[in-house]
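Asker: One structure follows; several queries about it will come next.
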There are 2 protein chains.
Amino acid sequence: MASRHELHDHDIDPRAREVLREIILQHITNGEPIGSRTLAKCGKFQLSPASLRNVMADLEDLGFLQQPHTSAGRIPTDRGYRFFINNLMKSHALTQREREVIDEEVGNASEIEDVLHLSGSLLSKMSDQVGVIFMPTLLQFVIRSMDFILVAENKIMCVAVGANGVVVNKVIETRYVFSRDELEKISRFITTEYTGCTLDVIRRRLIRLTEQERAQHDQMLQKTISLGIEAVNDVAPFEHELYVEGAASILNKPEFSDAVSLRKTFLALQEKEKLIDILETCLSEEGLQILVGSESDFTQTHNFSIVARRYGSTSAPLGMVGIIGPMRMEYARMAPLVDYLSRALSRKIEEEQVEQ
Amino acid sequence: MASRHELHDHDIDPRAREVLREIILQHITNGEPIGSRTLAKCGKFQLSPASLRNVMADLEDLGFLQQPHTSAGRIPTDRGYRFFINNLMKSHALTQREREVIDEEVGNASEIEDVLHLSGSLLSKMSDQVGVIFMPTLLQFVIRSMDFILVAENKIMCVAVGANGVVVNKVIETRYVFSRDELEKISRFITTEYTGCTLDVIRRRLIRLTEQERAQHDQMLQKTISLGIEAVNDVAPFEHELYVEGAASILNKPEFSDAVSLRKTFLALQEKEKLIDILETCLSEEGLQILVGSESDFTQTHNFSIVARRYGSTSAPLGMVGIIGPMRMEYARMAPLVDYLSRALSRKIEEEQVEQ
DNA sequence: TTTGGCACTCCGTCCGCGGGACTGCCAGCA
DNA sequence: TGCTGGCAGTCCCGCGGACGGAGTGCCAAA
């Protein structure tokens, strides 16, 4: 950090700041490079185009602006956006109506997965960007209950409920044949015995239990353990989930208008691993996070920006929710939107928890 | 039908048939209009370009070919494709390897939803088209069991298993508070009492039960009915599902290369209702179905073709599986692919059923 | 320090042209 | 009668040049 020449507030005079601000605002709305003439005509500066040219040249030297080619206007660099976000942006709050819509949508669904899905597509619709919702593995979370249901003769569905209200189910094929009675008993046993443990702990305890003498003779206990281990062993269903909603919205964006970059962008959104990587690192930070272009591998190669925020209770963050779009996006609107939605989500989840 | 001039085998002489066949084959592989010269050079005809031109003109008169513009080669019309599919196509069987891959992939997953998902994306990968899987409502199917699980104080997850092995779950919020004990009893009651009924029947019977005197006094029964009705009432989770997999594959297709038609096409695939409409009508037919371009509303407006087939046991078809792509697709490969996969799927489902 | 002026650069578009790939038609030939 | 070569005509496509527009940098004057 120290080696990189850090730019502070005072490194850039107020007039230049205003110019930068105006350029970015204009460029965000129309997507085109801004020239000195257009800038002069907007009326906010009592300056001639020539003077503005000087200011713009300075801003280019500082690395905030760039020219797509000689004799074109200027567009912001990612560094420019960063400065804008940190120092110049006045985010305009959501309207009453918008907040209502969010509250309503989020409040509506009851299963967590649905809530997340809905939030994602709502976010996508309201922002006209791609909405992403990341829910990390259930593995590290505390289990509230675990039930087993007979689905077919040797197929059993295991429903695990996390303390955070997440419900996960998976179907397992079993060697033994279980009756409904037995399954009820097993459900009870595991739920009462292991409530409050993480899946990982449960597995280890079950394995330890196998080794105890009591288990060797108690056939019912044996079956219980066998089933429990099978349920917990293959953890794939408990792994992270990433919902990408409204990917079609990038079709509108002029920055992805040609078929080639469109294709690339689309495929990029399919590669969920990379996205998960980023979101996972963001998970440690508390507030709203904005990643612009070169600030991460993924966003750099695709000229994306990400606006995201953690959701879940402050004590136990659940995942990340946010939007992905071209660097040129209305940060001033995206920021409060993502912020509000993530808070609404968190509130919703908090409620779920209180209920139990 | 009678009013439309139907074309029979004998309406078109063998040589013209071969020419049409060759044109379509070539156009399918390279996507470009075929001229008389290229056709002559392929070596299959001992004819001069001029003669071929005559044949082609005839084929155009019959409505099998068309010219994008004067002085371009010819491309097939949807009618041409239809004739090709009905009379000229020699579908080449899948390779041993391909069949193995399908069997393996389909055999792997255990939960039906997973199987469907996998099949869809497998289909998309193997065909390089968009894979669709349609599973119609569970409403009309017979229920094998119904279980209720405590998820939170006033939240209960209902897991319904259909006779066809489909597992559906939904979370309901309840007015009463239920204990685990009660839920077990209720699960048992409903499962034993109503196994073999459709959801619709269950609902009607439950409602009738409310009206009986016995129910007025038996508090447990009241609670049972209340829960059962709540579970069955909002049927949205039991409604059709449509999985569209590999939508990105249309990005490759030259027919959708310009940004505008690409955008349209993409949005079309989002509109699941229309797709469901088509697939639902196809559901009544038994064998492999191919819809070309103008043969349905949806395919016409987007210049799609659909190759699909019913899956599920013959007595109780479950849904449709197929691919969607541009009219210009390798029908000779798509047909056996979809056919085989749908059979593999059906076999898999049959197995599930036998197990119970 | 600001401004107007000027020369310059680069992009996008339009236009005209020629080549290429067809077709349809016609006349001649088996 | 059916096939073929030839010929005129049509249309697309790509290329190159010209031109206008937008914007810049620099310089000299206010």
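Each reported figure results from applying straightforward, stated rules to the coordinates on display, with no laboratory input. As the structure is a prediction and not an experimental result, all values here were calculated from the model. Here Cβ is always computed from backbone atoms with ideal geometry, including for glycine, and neighbour counts include all displayed protein chains.
Asker: For chain A, find the longest principal axis of its Cα atoms and tell me its angle to the long axis of helix A:14-30, 0 to 90°, nearest 10.
Answerer: That helix lies at roughly 60 degrees to the long axis.
Asker: Restricting the count to DSSP beta bridges whose residues both fall in the protein assembly as shown, what percent are antiparallel, rounded to a multiple of 5?
Answerer: 100 percent
Asker: Give me, ordered by chain and number, the residues 5 or more places off residue B:197 or on other chains with an amide H under 5 Å from its own placed amide H.
Answerer: Answer set, sorted by chain and number: B:143.
Asker: When 1/r is averaged over all different Cα pairs and the result inverted, which Kirkwood radius in Å belongs to the protein assembly as shown?
Answerer: 29.6 Å
Asker: Mind sorting B:115, B:142 by how few other Cβ atoms lie within 10 Å of their own Cβ, fewest first?
Answerer: Ascending number of Cβ neighbours within 10 Å: B:142, B:115.
Asker: How large are Rg and Dmax for chain A when only the alpha carbon atoms are used, in Å?
Answerer: 26.2, 93
Asker: Right, next: On C-alpha positions alone, give me the angle between the axis of helix B:259-270 and the longest principal axis of chain B, in degrees, nearest 10.
Answerer: 30 degrees
Asker: So how much slack lies between residue B:117 and residue B:13, counting 0.36 nm per residue of separation and subtracting their Cα-Cα distance, in nm?
Answerer: Once the chain is fully extended between residue B:117 and residue B:13, it gains 32.9 nm.
Asker: On to the next question. For residue B:130, list long-range residues whose amide hydrogen, built 1.01 Å from N in the peptide plane, is under 5 Å from its own amide hydrogen.
Answerer: Answer set, sorted by chain and number: B:324.
Asker: So what is the relative contact order for chain A, in percent, with contacts set as C-alpha pairs under 8 Å and at least six apart?
Answerer: Dividing the mean separation by the residue count of chain A yields 19 percent.
Asker: If I take all pairs of Cα atoms in the range B:8-150, what percentage of them are more than 23 Å from each other?
Answerer: 55 percent
Asker: Which loop-located GluC sites (Glu not before Pro) does the range A:169-276 contain, where loop means any DSSP state but H, G, I, E or B and the Cβ has at most 16 other Cβ atoms within 10 Å?
Answerer: Of the GluC sites (Glu not before Pro), the ones in loops of the range A:169-276 whose Cβ has at most 16 other Cβ atoms within 10 Å are A:239, A:271.
Asker: In degrees between 0 and 90, to the nearest 10, how far off the longest principal axis of chain B does helix B:219-233 point, with axes built from Cα atoms?
Answerer: For helix B:219-233, the angle is close to 10 degrees.
Asker: If the reach is capped at under 14 angstrom between alpha carbons, list the aspartates and glutamates near residue A:41, excluding any in the same chain fewer than eight residues apart.
Answerer: In chain and number order, the partners are A:22.
Asker: In addition: Please go through the residue pairs A:348/B:274; B:155/B:272; A:90/A:272; B:90/B:125 and name each one whose alpha carbons sit more than 27 Å apart in this structure.
Answerer: Where the Cα-Cα span goes over 27 Å, the pairs concerned are A:348/B:274; B:155/B:272; A:90/A:272.
Asker: Give the distance, in whole Å, between the Cα centre of the range B:162-182 and the Cα centre of the range A:252-296.
Answerer: Computed from Cα coordinates, the inter-centre distance equals 38 Å.
Asker: Taking a quarter of the surface of the convex hull around the Cα atoms of the range B:227-356, what do you get in nm²?
Answerer: Quarter of the Cα hull surface area: 9.9 nm².
Asker: Give me B:204, B:74 ranked fewest to most by other Cβ atoms within 10 Å of their Cβ, as a rough exposure proxy.
Answerer: Ordered by Cβ neighbours within 10 Å, fewest first: B:204, B:74.
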